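Trainee: Structure in structure tokens, see below.
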Amino acid sequence: MRFKYRSFITAILVLASGSSNASSFNLSLIGAYSIPTGTQFQGVEFGGISGLDRAQNGSYYAISDDRGGERGTPRFYNIDLNYDSDGFHGVTINNQTYMKRSDGTTFPATSRTVDPEGIRVAPNGNLYLSSEGNWNANPALRYQPFVREMQMDGTFVREFATPSIYNYVDNTTTGGRNNKLFEALTVSPNGTLFTANEDALIQDGSITTLTSGSAIRLTALDSVTGQAIAQYGYQLPQIPVDAVPGAPFGPDNGLPDLLAISDTQFIAVERAFASGIGNTIRLIQTEISSTTTDISTIVSLVGANYKPMSREVLLDMAINYQGVQMDNIEAITWGKTLANGNRTLILAADNNFATTQVTQFIALEVVPVPVPAAWILMFSGLATLTVRKQFTSRSKA
């Protein structure tokens, strides 16, 4: 009886103290800082920031999605972000590093062979990166998506065995869609990597529209073996806003990044764009529960019977959020802890090297939601009753 009693008390204390879910914290805007398109660093244009992660020393690694053949050699940066509870004060670019292929050469500066999108610091001090690859009707010029590990100097270490269902086939009947693959990348506390396609694979149905959402696959990768160990479905909602009439291209929605809260809980970034209107950014809490279906063996999600990951809106930042004109947010990471003890989140925008956009950084404060005193009293009362009942039962025995 002693073990059962202690377990009951522990459960009460956990419930009373709250957990890492959408009801246990709020997100509050601290401020934003922008770097103009065209800014040069070491003779190369800075921009295209699609992934961001904080290092142990407090600096950040930011990856550019320059594929080569655009602004220069594919690269990542180390930067410092200067912000506190009073606002976002500045960004310092410390250095840039060219990424290397398995043969030790850098990715070409004059042709598209890679599309860097995600970057994370590995537990061993190396870096993980994800690439959407590059679709081309000519197989000789077609490069598949990947997740790799590299050293801090960009040297190739290894490539993870991502499922072949993501690969480009014909961009029509099956496989990955052009520029819709591995943007999201995160590492859970136990070291597992997770990556996901930005929008539906061809065999999984249509991409998002103004009237319907799409099905995305989140894949778990074992950091020791390099193998895929599970896969889960995520439901991306319909596009929230239409483009203006006569816009050069239609509206879209996608999943550009994920950030692990725990081994099973994540913050997903949903990024929608409507030409002539602007960007709608949603931060979503999503979870792999005990009832979430492993869809690894499901060939097509169209009409399939499966339970996807949960989806709960944490923050909806539409077009102009509290005076900040939202740009093309593609990256999320944990930031520093503020003087008041609260954690922070950092978002970053890919400017697409466009003069109409900026490289934007946004800081958010993670504000815990206090547990109502009435709840604590109620749980304390329940605990007291349990103790009395256990004591009475044992006395009668």
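Trainee: Can you find a residue in region 177-188 that is of a type in the set (G, A, S) and in contact with a Lys or Arg (Cβ under 8 Å, 6 or more places away or on another chain)?
Mentor: no
Trainee: Which is surrounded by fewer than 20 Cβ atoms within 10 Å (Cβ to Cβ) and in contact (Cβ under 8 Å) with a residue 24 or more places away in the chain, of P256, P189, P251?
Mentor: Of P256, P189, P251, the one residue that is surrounded by fewer than 20 Cβ atoms within 10 Å (Cβ to Cβ) and in contact (Cβ under 8 Å) with a residue 24 or more places away in the chain is P189.
Trainee: Assuming L129 fulfils every condition listed in (1) more than 30 Å from A318 (Cβ to Cβ); (2) surrounded by fewer than 17 Cβ atoms within 10 Å (Cβ to Cβ) apart from one, which condition is it?
Mentor: (2)
Trainee: Within the set of pairs 6 or more residues apart or between chains, which connect a residue that is on the phi > 0 side of the Ramachandran plot inside region 336-354 to a residue that is at pLDDT 95 or above and of a type outside the set (F, W, Y) with Cβ atoms less than 8 Å apart?
Mentor: Pairs that qualify, where the first residue is on the phi > 0 side of the Ramachandran plot and the partner is at pLDDT 95 or above and of a type outside the set (F, W, Y), are N352/G47; N352/G48; N352/N328; F353/T37; F353/E45; F353/G47; F353/G48; F353/D66.
Trainee: For residues that are out of contact with any Gly (no Cβ under 9 Å at 6 or more places or on another chain) and either assigned to a loop (DSSP other than H, G, I, E, B) or of a type in the set (A, V, I, L, M) (or both), tally how many sit in region 285-302.
Mentor: 8
Trainee: Just checking: which of the strands (runs of 3 or more DSSP E) contained wholly in region 103-183 hold 3 or more residues that are among the hydroxyl-bearing types (S, T, Y)?
Mentor: Answer list for region 103-183: 127-131.
Trainee: Another question, if that's okay. What are the residue pairs meeting all of these: first residue in region 161-185, first residue closer than 25 Å to F266 by Cα and assigned by TED's automatic domain parsing to the domain that holds L255, second residue part of a strand (DSSP E or B) and basic (K, R), Cβ atoms under 9 Å, and 6 or more apart or on different chains?
Mentor: P163/R217; I165/R217; Y166/R217; L185/R120
Trainee: Also, quick follow-up: Tell me, which residue of region 43-97 that is of a type in the set (G, A, S) and closer than 15 Å to T359 by Cβ is nearest to the chain's Cα centre (by Cα)?
Mentor: Looking at residues that are of a type in the set (G, A, S) and closer than 15 Å to T359 by Cβ, I get G51.
Trainee: In this structure, does G303 turn out to be in the same structural domain as L236 (by TED's automatic domain parsing) and free of Cβ contacts under 8 Å to residues at least 12 places away in the same chain?
Mentor: Yes: the conditions hold for G303.
Trainee: Conditions first: (1) crowded, with 17+ Cβ neighbours inside 10 Å; (2) in contact with a helix residue (DSSP H, G or I) (Cβ under 9 Å, 6 or more places away or on another chain). L221 passes all but one, so which condition is the exception?
Mentor: Only one criterion is unmet by L221, namely (2).
Trainee: Can you tell me which residues in region 229-262 are under 21 Å from the mean Cα position of the chain (by Cα) and among the acidic types (D, E)?
Mentor: Within region 229-262, D252, D257 qualify.
Trainee: Step by step: first the residues of region 45-60, then only those that are touching an Asp or Glu at 6+ places or on another chain (Cβ under 7 Å) and in a loop (DSSP other than H, G, I, E, B), then the one that is surrounded by the fewest Cβ atoms within 10 Å (Cβ to Cβ). Which residue is that?
Mentor: S59
Trainee: While we're here: Tally up the residues in region 303-339 that are more than 16 Å from the chain's Cα centre (by Cα), outside any loop (DSSP other than H, G, I, E, B) and surrounded by fewer than 13 Cβ atoms within 10 Å (Cβ to Cβ), please.
Mentor: 1
Trainee: Ok, one more. Identify, by number, the condition in (1) farther than 25 Å from T174 by Cβ; (2) assigned to a strand (DSSP E or B) that Y232 doesn't meet.
Mentor: Here Y232 clears every test but (1).
Trainee: Kindly evaluate D222 against the criterion of being assigned by TED's automatic domain parsing to the domain that holds M99 and over 30 Å from N124 (Cα atoms).
Mentor: Taking the combined requirement at face value, the residue does not satisfy it.
Trainee: Still on this model: Of (1) in contact (Cβ under 8 Å) with a residue 60 or more places away in the chain; (2) surrounded by fewer than 21 Cβ atoms within 10 Å (Cβ to Cβ); (3) β-branched (V, I, T), I267 satisfies all except one. Which?
Mentor: Result: I267 fails condition (2) only.
Trainee: Considering region 81-123 alone, what residues qualify as being over 14 Å from I63 (Cα atoms) and acidic (D, E)?
Mentor: Of everything in region 81-123, those that are over 14 Å from I63 (Cα atoms) and acidic (D, E) turn out to be D84, D86, D103.
The values are calculated or read from the model by the stated rules, or taken from the named source; none is laboratory data. Please read all numbers here as calculations on a predicted model, not as lab measurements. As a convention, Cβ positions derive from the backbone with ideal geometry for all residues, glycine included, and neighbour counts pool all protein chains shown.
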